[in-house]
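Structure first, commentary second.
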Amino acid sequence: MLHKHKSVWRELHTSFEFFGHVVDDDLKMPTIEQPHSDAPLDDERFAEIVVSKPISIIVPTYKENANIPSMIERVRQLKEAHAIELELIFMDDKSRDGSVETVEAAGLDWVRIVERDGERGLSPAVIDGFRLARNPVLICMDCDLSHPPEKIPHLVLALSSGQQFVIGSRYVPGASTDDDWGVLRWLNSRIATLMARPLTSARDPMSGFFALRRADFENAQDLNPVGYKIGLELIVKCGFENVAEVPIHFADRVHGESKLTLREQLKYIKHIRRLYIHEFGNAMHFMQFLVVGASGTVVNLLVLFALLKMGLSEPVSLAGGICVSLITNFLLNRRFTFSYARDRNPWAQFAGFLGASLVGMLVNYAVALFLVSSVLQDAPSSVYIAALAGIASGVLFNFLGNRYLVFRKRYIRR
Ligand code: GDD
Ligand code: MN
């Protein structure tokens, strides 16, 4: 199912609902302390946001010891300025760089650090953190001070006004990023965002700064992120319809380097494919089937060309092209289109695949013949229309045969 998301949350609604409310106060100066890089917005001169339910801030960390003290300090300032009840949980993957000692030395009862066991990873760390969180509002953010904690009340207010998922966004009007972003990182981020467009119309679904209700998180079905796009995973798997974006200033990390290696980034392709399948199911299988079919045409022609060049006769070369393309089509479909069935006997599947192709051809022929002989009028173009309709039915039949017989789903492969 395709969800249309409201992509930009434009107004600050005055709201006295569940999680937060706005106190109108012309005389009072803004109490949100702005970081030096984040110029005060005018609207903050007119109202103050009061966060009225406790929140849990989850911060995944890997070797962030140098950033932890400032992170705690910024959150402490926020907590005090707004009298927010909150817990701050660092989810650390055995950094062993003194992070644990640093958090313990801070000696604050609302701050803790959890050392995870098992597989290292940003997304699983965030999911584990959300499971440990005790408060009804969950916030996720980086530890490197790229994400301004001062925006948390705005995220909470958006939730309070009925939004289900709120992103601290780099790509909505009013947002900005530090200049030091190289062209490559910028391009990379943009392409990744574009690939997520069919899943959500949010401008910055890749952001690692977001808020949601714990109750919604608990309803998330089969969370299974690969890589680090945990926000996108949540938007899709929770089926959020109302996604809001609050503009932020995305600062360069203060200490250390980004943990996101190229290898980590490549996992995004795998992740996005899974999300497409989750969201579009058969349409996605069908699309892959069509792409494989198109590749088969190219293979067929190339082999034909090669065999003719080698001096083989036309009948033999034509047959060669068909055979080779049948094999490549089978292998590609088995590997990609129907990859969930990869663990089953390939020979039986190949036999089934050939059978389905044969039936597809018969359907193709029968439909074309029927159309041209008893439906379409006697016109020069009729036979071509009939042929196209035949091809379409043949392909569809072929797909259904493969999808529901040859490569039927027994269970979903993870
Ligand atoms: N526990 C844990 N395990 N934390 C990790 C791991 C891990 O394997 N890898 C990274 N982190 C932590 C970092 O310590 C940091 O606090 C946060 O996750 C984000 O990692 P960065 O290294 O700061 O990533 P980035 O700034 O390059 O990427 C940011 O922008 C992306 C969008 O472009 C992050 O906000 C990403 O979440 C976001 O998708
Ligand atoms: Mn970062």
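Quick note: the coordinates plus some simple rules give every number you see, no bench work behind them. The model shown is predicted, which means the values in this text are computed figures rather than measured ones. Note that we place each Cβ from the backbone using ideal geometry, even for glycine, and neighbour counts take in every protein chain shown.
Per 0.36 nm of contour for each residue apart, how much would the distance between GLU101 and LEU262 grow if the chain were fully extended, relative to their Cα-Cα spacing?
Values: separation 161, 0.36 × 161 = 57.96 nm, distance 3.06 nm.
This chain segment gains 54.9 nm when fully extended.
Given +1 at the Cβ of Lys and Arg, -1 at the Cβ of Asp and Glu and no other charges, the dipole of the chain around its Cα centre is 2560 debye to the nearest 20. Per-residue extension of 0.36 nm, minus the Cα-Cα distance of MET287 and LEU108, leaves a gain of 59.1 nm for this segment. Of the complete DSSP H runs in the chain, those spanning 20 angstrom or more by Cα along the long axis with a mean Kyte-Doolittle score not below -1.0 are 68-82, 262-309, 314-332, 346-370, 382-401. Distance from the alpha carbon centroid of segment 94-151 to that of segment 294-324 works out to 59 angstrom. Dipole orientation for the chain: of the candidates VAL51, VAL246, LEU332, LEU332 has the Cα lying most toward the positive pole (charges on Cβ; Lys, Arg +1; Asp, Glu -1). Here the label points at ARG197 and GLN221, each 7 Å from Cα along the C-beta direction, are separated by 2.8 nm in the simple model. Apply the Debye scattering formula to the chain, with a single equal point scatterer on each alpha-carbon and no solvent, then give log10 I(q)/I(0) at q = 0.07, 0.14 Å⁻¹. Debye output, listed in q order: -0.47, -1.19. So which of LYS53/LYS94; LYS237/LYS409; LYS94/LYS409; LYS94/LYS267 end up more than 27 Å apart, counting from Cα to Cα? Long pairs (Cα-Cα over 27 Å): LYS53/LYS94; LYS94/LYS409. Scanning the chain for GluC sites (Glu not before Pro) that sit in a DSSP loop and have at most 15 other Cβ atoms within 10 Å, the longest stretch containing none of them is 258-414. Between ILE113 and PHE90, the built amide H atoms are under 5 Å apart, and every one of these is 5 or more places off in sequence or on another chain.
Looking at segment 184-325 from every direction and averaging, what is the projected area of its Cα convex hull in nm²?
Working: hull surface 50.9 nm².
For the Cα atoms of segment 184-325, the hull's average projected area reads 12.7 nm².
Distant-in-sequence amide contacts of PHE250, defined by a placed amide H-H separation under 5 Å and a gap of 5 or more residues or a different chain, comprise SER176, THR177, ASP178.
Restricting to the chain, what percent of DSSP beta bridges are antiparallel, rounded to 5?
Working: 12 of 35 bridges.
In the chain, approximately 35 percent of DSSP beta bridges are antiparallel ones.
When you filter the trypsin sites (Lys or Arg not before Pro) in segment 56-157 for DSSP loop state and at most 15 other Cβ atoms inside 10 Å of their Cβ, you are left with LYS94, ARG96, ARG120, ARG134. Put a dot 7 Å past the Cα of ALA366, heading toward its Cβ, do the same for ALA392, and the two dots end up 1.9 nm apart.
Working from Cα pairs under 8 Å separated by at least six residues, relative contact order for the chain is 15 percent. Computed on segment 283-406, with alpha-carbon pairs under 8 angstrom and 6+ residues apart, the relative contact order is 24 percent.
Just want to confirm a number: the relative contact order over segment 125-259, from Cα pairs under 8 angstrom separated by 6+ residues, in percent.
Details: 205 pairs, mean separation 56.3, N = 135.
Here the relative contact order equals 42 percent.
Among residues other than TYR171 with Cβ under 11 Å from its Cβ, the summed charge is +1 (Lys and Arg +1, Asp and Glu -1).
Quick one: if the Förster radius is 35 Å, what FRET efficiency do ARG116 and ARG344 give, using the C-beta to C-beta distance and rounding to 0.05? If you can, show how the numbers build up before the last one.
Numbers: r = 35 Å, r/R0 = 1.01.
For ARG116 and ARG344, the calculated efficiency is 0.50.
A Förster distance of 22 Å, applied to the separation of the beta-carbon atoms of PHE46 and GLU80, puts the FRET efficiency at 0.50.
What is the gain in length, in nm to one decimal, between ASN135 and LYS409 on full extension, counting 0.36 nm per residue of separation less the C-alpha to C-alpha distance? Let's see the in-between values first.
Details: separation 274, 0.36 × 274 = 98.64 nm, distance 3.93 nm.
Stretched out fully, the ASN135 to LYS409 stretch lengthens by 94.7 nm.
Students often check this: by mean Cβ neighbours within 10 Å, which of 329-335, 367-373 ranks highest, and how do the rest follow?
Values: 329-335: 19.0, 367-373: 16.7.
Top of the packing list down: 329-335, 367-373.
For segment 283-406, taking Cα atoms only, Rg and Dmax work out to 16.2, 50 Å respectively.
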